[in-house]
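The structure under discussion appears below in the form of structure tokens.
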Amino acid sequence: MNYILTFTLSFIIIYLIYFIVIINRKKGLESFKKGKQLDFFIKTYKLEKKKLDIKKFANSLALTNSFIMAFTLSILELIDNLIIKLLLCVIILTALMLILYKLLGQTYKKKEGK
């Protein structure tokens, strides 16, 4: 039960920070438009920037990133050894980013086609 609480609280906190700093602020959204993460998705998944609703995409990316960080934190709570935590952290973060970013990119590519 403690791990579910850790996941939920960290997910909410990370998402709220992202929402307040990036999505809700006009200046934050402008910096997101010029950022490397948006460029990565546009180049990798061949998305058209003009067809992309930046605010919705930023929100989807915030939810994805919040899930990745909260899930990783929750899993790392199970382990006591620092070295194993660091190694596992790198493996989990890399795997989740590859999988979830691919799903997000493909989802927006399908939406673009409609």
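Data for the structure
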| item | result |
| --- | --- |
| Accessible area of the chain divided out per residue, in Å², using a probe of 1.4 angstrom | 69 Å² |
| Max mean-square fluctuation residue, GNM over the chain, Cα-Cα springs under 10 Å, options ASN59, ASN24, ASN81 | ASN81 |
| Cα-centred dipole magnitude for the chain, charges only on beta-carbon of K, R (+1) and D, E (-1), debye, nearest 20 | 920 debye |
| Carbon and sulfur %, accessible surface of the chain computed with the full protein complex present, 1.4 Å | 70 percent |
| Area accessible to solvent at MET97, 1.4 Å probe radius, in Å² | 80 Å² |
| GNM result for the chain, Cα springs below 10 Å: residue of PHE19, PHE11, PHE40 fluctuating most strongly | PHE40 |
| The stretch 7-38: trypsin sites (Lys or Arg not before Pro) in DSSP coil with no more than 13 other Cβ atoms inside 10 Å | ARG25, LYS34 |
| Helix-only [θ]222 nm of the chain, DSSP H runs n ≥ 4, -39500 (n - 2.57) each, per residue, nearest 500 | -26500 deg cm²/dmol |
| Candidates LEU87, LEU61, LEU38: whichever shows maximal mean-square fluctuation once the chain is modelled as a Gaussian network with Cα springs under 10 Å | LEU87 |
| 20 Å tail of the calculated P(r), the stretch 50-114, as % of Cα pairs | 39 percent |
| Intensity falloff of the chain expressed as log10 I(q)/I(0), Debye formula with alpha-carbon point scatterers, at q = 0.19, 0.21 Å⁻¹ | -1.03, -1.16 |
| Selection from PHE41, SER66, ILE84 lying farthest towards where the dipole of the stretch 1-84 points positive, charges on Cβ | PHE41 |
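The values are calculated or read from the model by the stated rules, or taken from the named source; none is laboratory data. All values reported here derive from a predicted model rather than from experimental measurement. Note that each Cβ is placed from the backbone with ideal geometry, even for glycine, and that neighbours are counted across all protein chains shown. Only protein heavy atoms, including side chains, enter the accessible area calculation; ligands, DNA and RNA are left aside. Shrake-Rupley method; radii C 1.70, N 1.55, O 1.52, S 1.80 Å.
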